[in-house]
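**Student:** The structure is given below, and queries will be raised subsequently.
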Amino acid sequence: MPRVLWTASVAWVNYKYSIGSQRGVTSHMDKIEVSGPNAQQIEFWNGEAGSHWSERDDQMSLMLRPLGAEAIALAAPDTGEAVLDIGCGCGDTTLELAVAVGATGRVVGVDISAPMLVTANAKRAQLPAELDGNCSFELADASSHDFTPAVFDLLFSRFGVMFFADPATAFANMRGALKPGGRLAFMCWGPAEQNDWIMVPMQAAREHLPAPEPAEPRAPGPFAFADTDYVSEFLQAAGFTNIEFEPTQPNMRMGNGSSLDKSVEFFMEMGPVSSGLVNQPDAVRSAVRESVRAAIAGSYVDGYVELQGQCWLVTASNPG
Ligand SMILES: C[S@@+](CC[C@H](N)C(=O)[O-])C[C@H]1O[C@@H](n2cnc3c(N)ncnc32)[C@H](O)[C@@H]1O
């Protein structure tokens with residue numbers, strides 16, 4: 001079951017899941033085993049998390065596209081380049097990268113989530129006909145997948161790389177797919193306590209939920225890469241050079257543009273508030289709903305809740 005772990009003092013959030021008896025996840029695309037060091041994440045992203053994200057792909061894209069645009073601008077994909085989009089999810093950035101590299105380039109989106117890749121694959125139809133052949137998706141664990149060596153110019157990710165049990169090994173494996181002199185560019189969250197979009201609803205929900213268990217800040221999860229010294233350390237261990245961090249404070253727009261109640265439902269169904277509600281009785285859910293509504297009402301503008309985020313744009317090079 002998904003659970004939210006909250007540290008006793010503050011405030012960062014992580015996900016932890018128990019492994020069930022299921023050992024294979026099948027989609028019409030392919031099959032991925034729930035095994036290996038990232039088994040918990042494979043199970044999580046093939047469960048409700050993956051299907052909820054796919055069902056709300058429009059809302060998620062609206063919220064994350066402006067953030068991804070900053071990362072893509074920094075990554076500077078060029079005409080004719082080959083790009084690997086790591087943890088591509090429903091393929092939003094994969095399609096944008098496919099447009100950027102054009103018909104002479106190619107983009108591969110890799111992800112462990114079968115339901116999200118089904119959505120991503122369907123969205124290929126949105127590409128102009130001449131680009132359809134330059135974009136494909138693979139259901140695989142990027143940390144251990146047997147990539148063809150030295151074929152990509154750019155490894156890119158929008159929030160898809162913070163979930164590896166062993167980041168140094170994962171990034172070393174992915175670096176093997178980069179050409180000598182190739183580039184790495186990804187976007188990840190800064191510290192949870194600096195991300196109002198998660199703290200404001202979570203603190204409101206917390207009034208009604210059991211005290212969190214202490215959690216390991218670097219465990220796989222959205223905020224695992226908040227500490228730049230740590231990220232720098234494992235990227236160096238993985239063989240990258242020229243490691244740089246650029247902070248950015250995006251304004252996050254959440255909801256579906258219709259009403260404050262719909263925005264409240266967004267928080268009830270996605271992310272840490274929803275994880276904290278697992279197995280809670282209706283009375284607790286109602287109390288959380290009211291508290292979250294009161295906490296976000298002041299940030300509701302023109303159909304959306306606007307709260308600030310804090311992210312890192314990380315770039316590095318594969319030695320030539
Ligand atoms: C927060 S979502 C981001 C999705 C997408 N990049 C976006 O911005 O919309 C994280 C994604 O990373 C994927 N992921 C987690 N661990 C992975 C792994 N070991 N290999 C490949 N993908 C992984 C998840 O399945 C999920 O789609």
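The values are calculated or read from the model by the stated rules, or taken from the named source; none is laboratory data. From a predicted model like this one, the values you see are computed outputs, not experimental measurements. Cβ: placed from backbone, ideal geometry, glycine included. Neighbour counts: every protein chain shown. Areas reflect the complete protein model, heavy atoms only, side chains present, ligands, DNA and RNA absent. Shrake-Rupley method; radii C 1.70, N 1.55, O 1.52, S 1.80 Å.
**Student:** Would you call Phe171 touching a strand residue (DSSP E or B) at 6+ places or on another chain (Cβ under 9 Å), in a helix (DSSP H, G or I) and crowded, with 23+ Cβ neighbours inside 10 Å?
**Tutor:** yes
**Student:** Looking at Ala185, Ala165, Ala129, Ala177, can you tell me which residue is more than 11 Å from the ligand (Cβ to nearest atom) and either open to solvent by 10 Å² or more (accessible area, probe 1.4 Å) or not aliphatic (A, V, I, L, M) (or both)? Quick ask: steps written out before the conclusion?
**Tutor:** Values: Ala185 fails: either open to solvent by 10 Å² or more (accessible area, probe 1.4 Å) or not aliphatic (A, V, I, L, M) (or both); Ala165 fails: more than 11 Å from the ligand (Cβ to nearest atom); Ala177 fails: either open to solvent by 10 Å² or more (accessible area, probe 1.4 Å) or not aliphatic (A, V, I, L, M) (or both).
On inspection, the qualifying residue turns out to be Ala129.
**Student:** Still on this structure: List pairs: first in segment 71-90 and closer than 22 Å to Ala140 by Cα and open to solvent by less than 10 Å² (accessible area, probe 1.4 Å), second modelled with pLDDT under 95 and away from the ligand (no atom under 15 Å from the Cβ), Cβ under 8 Å, 6+ apart or cross-chain?
**Tutor:** none
**Student:** For residues in segment 278-295 being in contact with a helix residue (DSSP H, G or I) (Cβ under 6 Å, 6 or more places away or on another chain) and aliphatic (A, V, I, L, M), which is farthest from Met254 (Cα to Cα)?
**Tutor:** Applying the filter and picking the extreme gives Val288.
**Student:** Within segment 132-153, can you find the residues that are of a type in the set (Ser, Thr, Tyr) and either surrounded by 14 or more Cβ atoms within 10 Å (Cβ to Cβ) or free of Cβ contacts under 8 Å to residues at least 12 places away in the same chain (or both)?
**Tutor:** First, pick out the residues of segment 132-153 that are of a type in the set (Ser, Thr, Tyr): 136, 143-144, 148.
Of everything in segment 132-153, those that are of a type in the set (Ser, Thr, Tyr) and either surrounded by 14 or more Cβ atoms within 10 Å (Cβ to Cβ) or free of Cβ contacts under 8 Å to residues at least 12 places away in the same chain (or both) turn out to be Ser136, Ser143, Ser144.
**Student:** If a residue has to be more than 12 Å from the ligand (Cβ to nearest atom) and under 26 Å from Asn38 (Cβ atoms) to count, how many in segment 69-97 make the cut? First the steps, then the outcome.
**Tutor:** Within segment 69-97, the subset more than 12 Å from the ligand (Cβ to nearest atom) is 70, 73-83.
From the residues that got through so far, the ones that are under 26 Å from Asn38 (Cβ atoms) too are 75, 82-83.
Selection size over segment 69-97: 3.
**Student:** A follow-up question, please. Restricting to segment 267-298, give me the number of residues that are surrounded by 14 or more Cβ atoms within 10 Å (Cβ to Cβ), small (Gly, Ala, Ser) and at pLDDT 95 or above.
**Tutor:** So the answer is 3.
**Student:** Identify all residues within segment 132-154 that are touching a Gly at 6+ places or on another chain (Cβ under 9 Å) and within 12 Å of the ligand (Cβ to nearest atom); write none if there are none.
**Tutor:** Phe137, Glu138, Asp141, Ala142, Ser143, Ser144, Phe147
**Student:** Being open to solvent by 20 Å² or more (accessible area, probe 1.4 Å) and modelled with pLDDT under 90 narrows it down to one of Gly47, Gly24, so name that one.
**Tutor:** Values: Gly47 fails: modelled with pLDDT under 90.
That would be Gly24, the only listed residue that is open to solvent by 20 Å² or more (accessible area, probe 1.4 Å) and modelled with pLDDT under 90.
**Student:** Answer yes or no: is there a residue in segment 56-66 that is over 16 Å from the mean Cα position of the chain (by Cα) and open to solvent by 50 Å² or more (accessible area, probe 1.4 Å). If you could, list the steps in order and put the result at the bottom.
**Tutor:** If we filter segment 56-66 for residues that are over 16 Å from the mean Cα position of the chain (by Cα), which is where we start, we get none.
No, segment 56-66 contains no residue that is over 16 Å from the mean Cα position of the chain (by Cα) and open to solvent by 50 Å² or more (accessible area, probe 1.4 Å).
**Student:** Give me the pairs: first residue in segment 175-197 and more than 17 Å from Gln236 (Cα to Cα), second residue basic (Lys, Arg) and open to solvent by less than 50 Å² (accessible area, probe 1.4 Å), beta-carbon distance under 6 Å, and six or more apart or on different chains, which are they?
**Tutor:** Met187/Arg158
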